[in-house]
Amino acid sequence: METAAEVILRPVPPLTQVNGTRYVSNSSEVISLRFFHEWQSFKQDVLEASASLDLSHPVPYTDDVSENYVVGSELGLIGRFSKNVCDPVSKVFATTCLSHLKFGDYQSAAGPTDTSQVPGITMFNTTGPPRPAAVGELKSFWTVELEDYSIREGYQRLIGIQHHIAQLVKYMRSSKLKFGFLSTYEWTIFIRRTGPCHFDMSLPIARDASNPSLRQCLLALGVLASRDWKFIEPPDFNIAQVSFRGSNSGNLLTSDPSSAFRRALHAKRPSVRPLSGTKSVPRRRYRTCLARRQSSTGAKTVLQQRS
């Protein structure tokens, strides 16, 4: 037996990866990155949330320092994340006032059976019928170097993981959630939605990080989600305002070119682009004026020839 605090503060053990998948699983979802901002109070929020719990109670010992499982796929990685991160945090939840929080299969909450709609990791609130409190998506650490993508360097820096972020946000939206995380096991990024078009993002947290540790971050996520887990989008919100589908777009950093705002701008554009210093003339009216001018010029030429 050991205390809950010892379990939470212990680093997550490393994994052995041999061969395996060469390409990361990708999604067609895309979201505008300009709506993402650094979660500047993340460390303080995590430490305060952890300190709000009594972590002095004993927890059954978890033999996670002798990790010998060899991974080679995203599915195997989800299994090890569940064992080495989620299970210890669940045991700590059970000794606190958050015993109603557990990790499990998304379908336990009668979620969609379509695998494309199912997140890799789900934290549940089991008070009454199970419902998601937070969701996470896993990508293999040998195909995605999550540590290279820091929101502190500007949202443009996130372009390499744009599809992965959009996939996570899709899962969050489907369950009306405020919190989620994207992880490769080696590194993890936490996201909090604070507005229809505003997302707070933590800096990448390492597997062996301390003050806070990775488990501590996930524990704090449970504390925050238990206080306020739900995000309700306003009735007039349109997802096209922040995201769009398709990976062949010319500029993935901006919002949907088919959004209402951009359609309005497009509608105001003249049919014929005016030259500098001239007024715009609609195409049909331009052709009519040109025809009349040509007709008038032709008539003058005929009169001159007759005279």
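Here 101, 168, 177 are screened, and the one residue that is of a type outside the set (Phe, Trp, Tyr), touching a helix residue (DSSP H, G or I) at 6+ places or on another chain (Cβ under 6 Å) and at pLDDT 95 or above is 101. Just give me the residues in segment 194-246 being farther than 23 Å from residue 7 by Cα, outside any loop (DSSP other than H, G, I, E, B) and in contact (Cβ under 8 Å) with a residue 24 or more places away in the chain, in sequence order. Matches in segment 194-246: 198, 199, 200, 201, 230, 239, 241, 243, 244, 245. Residues in segment 129-154 that are among the small types (Gly, Ala, Ser) and under 18 Å from residue 72 (Cβ atoms): 1 in all. Scanning segment 119-156 for residues that are in contact with a helix residue (DSSP H, G or I) (Cβ under 8 Å, 6 or more places away or on another chain), among the basic types (Lys, Arg) and within 22 Å of residue 33 (Cα to Cα) turns up just one, 139. Residue pairs whose Cβ atoms lie under 8 Å apart, separated by 6 or more positions or on different chains, with the first residue in segment 127-139 and under 30 Å from residue 20 (Cα atoms) and the second assigned to a loop (DSSP other than H, G, I, E, B) and among the hydrophobic types (A, V, I, L, M, F, W, C), are 134/229; 139/24. Reported count of residues in segment 1-35, each being part of a helix (DSSP H, G or I) and of a type outside the set (Gly, Ala, Ser), is 7.
Regarding segment 36-44, can at least one residue be identified that is under 25 Å from the mean Cα position of the chain (by Cα), part of a helix (DSSP H, G or I) and touching a residue at least 12 places away in the same chain (Cβ under 8 Å)? Yes, that holds for at least one residue. Filtering 66, 25, 52, 56 for residues that are of a type in the set (S, T, N, Q) and within 25 Å of the chain's Cα centre (by Cα) leaves a single hit, 25.
Any residue in segment 34-47 that is within 22 Å of residue 183 (Cα to Cα) and touching a Lys or Arg at 6+ places or on another chain (Cβ under 7 Å)? Yes, some residue in segment 34-47 is within 22 Å of residue 183 (Cα to Cα) and touching a Lys or Arg at 6+ places or on another chain (Cβ under 7 Å).
Across segment 104-141, what is the number of residues that are in a loop (DSSP other than H, G, I, E, B) and modelled with pLDDT of 95 or more? Matching residues across segment 104-141 total 3. On inspection, residue 47 fails the criterion of being of a type outside the set (Val, Ile, Thr) and over 28 Å from residue 171 (Cα atoms).
The values are calculated or read from the model by the stated rules, or taken from the named source; none is laboratory data. No experiment lies behind these values; they were computed from the predicted model shown. Neighbour counts run over all protein chains shown; Cβ positions are idealised from the backbone, glycine included.
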